[in-house]
Structure formats: C-alpha cells, structure tokens
Amino acid sequence: MRKIIHVDCDCFFAAVEMRDNPALAQVPMAIGGRERRGVISTCNYPAREFGVRSAMPVAQALKLCPHLVLMPGRMSVYKQVSAQVMAILRAPAEQFEQVSIDEAFLQVDERHSATQLAQQLRDQIWQQVGITVSAGISVNKFLAKVASDWNKPNGQYLVGPNDVAAFVAPLPVRRIPGVGPALEQKLQQHGIHTCADAQAWSLTELVRRFGRSGATLFERCRGLDERPLRSERVRKTISVEKTFLNDLTGLEACLEVLPDLLQRWQQRLMHAQVDARSLAPFVKVKFADFHQTTLADHQQDASADGFAVLLARALKRDQQPVRLLGIGGRMAAGDERQLTLFEVP
Ligand code: TTP
Ligand code: MG
C-alpha cells in the first residue's frame, strides 16, 4: 500500500502578503488589480467570509466586501517562497511531484508514519517560511488531494486504508478532479450526485454514457487511483536565445551574433555535462511581427557550421527583420536521463 501526502498552501499569495505585513491578516484582503476587468487571484480567509473567491471579477468582490484591501501581487516573491516550500517537501520524499506553485504530492517510505511526517513538514514550513499549509494523507493521489481540503486552513486529514469506503461514499462527484460543472450537471441528470450513486453503475454503462470520464469515475468513486507520481519533467532540450534591442536584417547580421550564442550554449552544456555530439541541433527565429519558426536537422552537427546552415535555411522562410535568435540541441530519444540527472540551474 502506498503512502501519499498532498500538500497545498493556504491562500498562498495572500499568505505571503500577510507574512510580510501582519496587519493584513486582520482585515479582508485580496490579490488583484483595480484596473478595469481585473480579477481576484486569491484572498485571505476573512475575505472568503464575504464570498470573495479566486477568479472573481474585482468589481464583484468589492460589491460583496466594500472595504476589501486589494494588493497588486508580487509574483517573483511568490515564486521564491514556493521554491523554499518545495525544497522542504522534496527532502523526505521517495517520489515527488510538484503540481502547481503551491501544491505537491510526496510518496513516502511505507515504514514511516505519514501522519507524523506531514505534521512535521507543516511545522517546519511555518517556522522557516512563515506560511501555513494543509495536508492530506492517503493511499493514492486522488484521496490525498481531496483530504488536504478537509481541514483547511492549517490542518491535515488522514484517509487510511480502512477508511476509504466510508470516506468516498458520501463524497459529491464534483469533488473528483476532472469532474467539472458540465459533467457534474450531466451526472446529476442521471441521478448521480455522490460517489455511492456512481458505484451503482457498471463500468460498461458509465463508459457508454460518459466516455473516458466514465471509466475514470468508475475507479474514483471506489477510491481507486493507480496513477504514479510524475517526477520532474524530463528535460529534452538545452537552448539559449537572445532578443535584440534593434531587429537584425539579413543573414550576415545574424551570423555575427552566432559566436556569442554558441559560447553561452556551450557553457550550458558544460554545466549539464552533456556532449554536443549527442544532440541534434535546432535554431529558433522570431521575426519582427513576432511570427516564430524553429528548424531542426538531425543530419547537421551541433557546431558553429551546423547552426550557420540551419540559420540560413530558417531565414529563407520569411523576409522580415529578426527580433530574436535561439540555438539549441535536442536529445536523441532514450538518451534523456542524462539531461535529467544533470539539470541546468
Ligand atoms: P489555490 O491553491 O487554488 O488557492 P489558495 O492557495 O489561494 O487558497 P486555498 O487555501 O484554498 O488553497 O491556488 C494557489 C495560488 O494560485 C493562489 O494563492 C493564487 C493563484 N491563483 C490565481 O492566481 N488564480 C486562480 O484562479 C487560482 C485558483 C489561484
Ligand atoms: Mg492553495
């Protein structure tokens, strides 16, 4: 039996703002611009009591909560905080999958208490990063994800192997990731509101009525989910590019910047400990009107000469001046692990 923990930060962007300015914790506050047609990214829990929600137009949020404090948002800070959180979560995991900026799955050693580990990680994030997170612990990704919402904010919930049947039976099908409003409505028309309702249907019937979603529903409504954690995306290419202050005109001008690009690219390869000879070269050209083209050729070497040939051919595709040039190399299929092991920072 696997042990999976799903961790999701509480009102993430808002939590970072409240950490840096604790006065904001006492008032309803949201991240969102006052510009026309702006939407709310997220809001703190006091704001949620007024009905303010993510993706809601700012104008509507202000109607629900006229004294809502609006913050413009600081994406670069949120990314840094996210990286800190992810580093803490990744450390004890046997397998790790980051799902979004504030959310990740960990698969942990079956011999350890996942409940204790989750508590420990939440404490550590609070102490070292200064925000609260919630966790769900269960035997698969689906159940862990639903469980992390159960005691939100700043809580955790365990769905143990013996609790699965009782946990899913009353669960509204809408809580199953992948069941959106449209499918929910369709299911309701067939009398399916909860997982228990769906369990009464055979696999054949579910698939006949709802296609592939029906097959997934058949599993999820029983609390089944075999999906493995998807570890880091495999890196298949290494490339560098440059946007020019003034557009370049003609092949000559483009060839002049090639040595500089090549040098930067070779540095990347060195860091990644990858041999240029194992890569198929490609060039990328973005023209003045932002039209973009990529040209690859396995017959060419990933060398100065090879790139020059590709560049000449790519430029023939459009007569416009060039605003961006890029060069890169693609791993041959099956050779990808090398790049994963030596990820470039
Ligand atoms: P969520 O985890 O969906 O939301 P949250 O962390 O703000 O709140 P919760 O406590 O319910 O988990 O999203 C994470 C961040 O992603 C959120 O802080 C802001 C951003 N985001 C948007 O910018 N727009 C959106 O519509 C959503 C849903 C999230
Ligand atoms: Mg969140």
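Observations, loosely collected:
- Counted as qualifying within segment 98-200 are the helices (runs of 4 or more DSSP H) with 3 or more residues that are in contact with a helix residue (DSSP H, G or I) (Cβ under 8 Å, 6 or more places away or on another chain) and more than 15 Å from ligand 1 (Cβ to nearest atom), namely 114-128, 164-168, 181-189, 195-199.
- Annotation for segment 238-250: at least one member residue is within 26 Å of Ala302 (Cα to Cα), open to solvent by less than 80 Å² (accessible area, probe 1.4 Å) and in a helix (DSSP H, G or I).
- Near pairs, Cβ below 6 angstrom, 6+ apart or cross-chain, from segment 105-133 (of a type in the set (Lys, Arg)) to any residue that is at pLDDT 95 or above: Arg122/Val133
- Residue pairs meeting the criteria (Cβ under 7 Å; at least 6 apart or on separate chains; first in the same structural domain as Gly33 (by TED's automatic domain parsing) and closer than 11 Å to Ile40 by Cα, in segment 58-80; second among the aromatic types (Phe, Trp, Tyr) and modelled with pLDDT of 95 or more): Gly73/Phe13
- Restricting segment 215-228 to residues that are part of a helix (DSSP H, G or I) and touching a Phe, Trp or Tyr at 6+ places or on another chain (Cβ under 8 Å) leaves a set whose member that is most open to solvent (accessible area, probe 1.4 Å) is Phe218.
- In segment 7-38, the residues that are hydrophobic (A, V, I, L, M, F, W, C) and more than 7 Å from ligand 1 (Cβ to nearest atom): Val7, Ala15, Val16, Met18, Ala23, Leu24, Ala25, Val27, Met29, Ala30
- Among the residues of this structure, Glu35 counts as one that is loosely packed, with under 12 Cβ neighbours inside 10 Å and in contact with a helix residue (DSSP H, G or I) (Cβ under 9 Å, 6 or more places away or on another chain).
- Residues being open to solvent by 80 Å² or more (accessible area, probe 1.4 Å) and within 15 Å of ligand 2 (Cβ to nearest atom) - total across segment 38-78: 1
The values are calculated or read from the model by the stated rules, or taken from the named source; none is laboratory data. Fair warning: this is a prediction, and the values are worked out from it, not measured in the lab. Here Cβ is always computed from backbone atoms with ideal geometry, including for glycine, and neighbour counts include all displayed protein chains. Quick note on the areas: whole protein, heavy atoms, side chains included, nothing else; ligands and nucleic acids left out. Shrake-Rupley method; radii C 1.70, N 1.55, O 1.52, S 1.80 Å.
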